1. For a quick check of your reading of the filter: which GluC sites (Glu not before Pro) in the range 36-86 sit in a DSSP loop and have no more than 10 other Cβ atoms within 10 Å?
2. For the range 30-91, calculate the relative contact order in percent as a whole number, restricting contacts to Cα pairs under 8 Å that are 6 or more residues apart.
3. Give me the distance in nm between label points sitting 7 Å out from Cα along the Cα-to-Cβ direction at K78 and I5, one decimal.
4. Express the accessible area of the range 30-91 per residue in Å², computed with a 1.4 Å probe while the remaining protein chains stay in the model.
5. In the range 30-91, what percent of the accessible surface is made up of carbon and sulfur (1.4 Å probe, ligands and nucleic acids excluded)?
6. Alpha carbons only, please: Rg and Dmax for the range 30-91, in angstrom.
Amino acid sequence: LVPFISMLFLTLLLLFLALFPGAFSCCTKISDEIPKGILRRVERFEIQKADGLCHLEAVILYIEGRKFCVSPRIRKVKKWMKKDKHKIPRRKPHGRKQRRAKIIKKKEKKP
């Protein structure tokens, strides 16, 4: 009887995790302040709504593999999101280096 109950519990747990994958990644506490330096280093973000599994409205900021939960009502965060700064620029090689490499290639081709 004990193995049956433990197997049933494990099956129900796996079913719950499959149906609700975000259940354990909700923010449970949020910060009401955030330094500007943190906003500059954000790699990506998510908006957590206060419906469904998560019962708290939050903006989740990801910085260097860490997760920061902040209030969506913070003026700095609202302004940052409106200015499209949340579109994190991809790192591109410096333009001057690219041009220099092209010039060198052209010189090598000429006899």
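1. Working: sites: E43, E46, E57, E64; in loops: E43, E57, E64.
Here the GluC sites (Glu not before Pro) that fit, given the DSSP loop and packing criteria, are E64.
2. Numbers: 80 pairs, mean separation 20.7, N = 62.
Once normalised by length, the contact order is 33 percent.
3. Label at K78, label at I5, 5.3 nm between them.
4. On the way: 4810 Å² over 62 residues.
Per residue, the range 30-91 has 78 Å² of solvent-accessible surface.
5. On the way: 2320 of 4810 Å².
In the range 30-91, the share of accessible area belonging to carbon and sulfur is 48 percent.
6. Cα-based Rg and Dmax for the range 30-91 come out at 11.4, 36 Å.
The values are calculated or read from the model by the stated rules, or taken from the named source; none is laboratory data. Remember, predicted model here, so these are calculated numbers, not experimental data. In this analysis, Cβ positions are derived from the backbone assuming ideal geometry, glycine residues included, and neighbour counts consider all displayed protein chains. Side chains included, ligands, DNA and RNA excluded: accessible areas come from the protein's heavy atoms. Shrake-Rupley method; radii C 1.70, N 1.55, O 1.52, S 1.80 Å.
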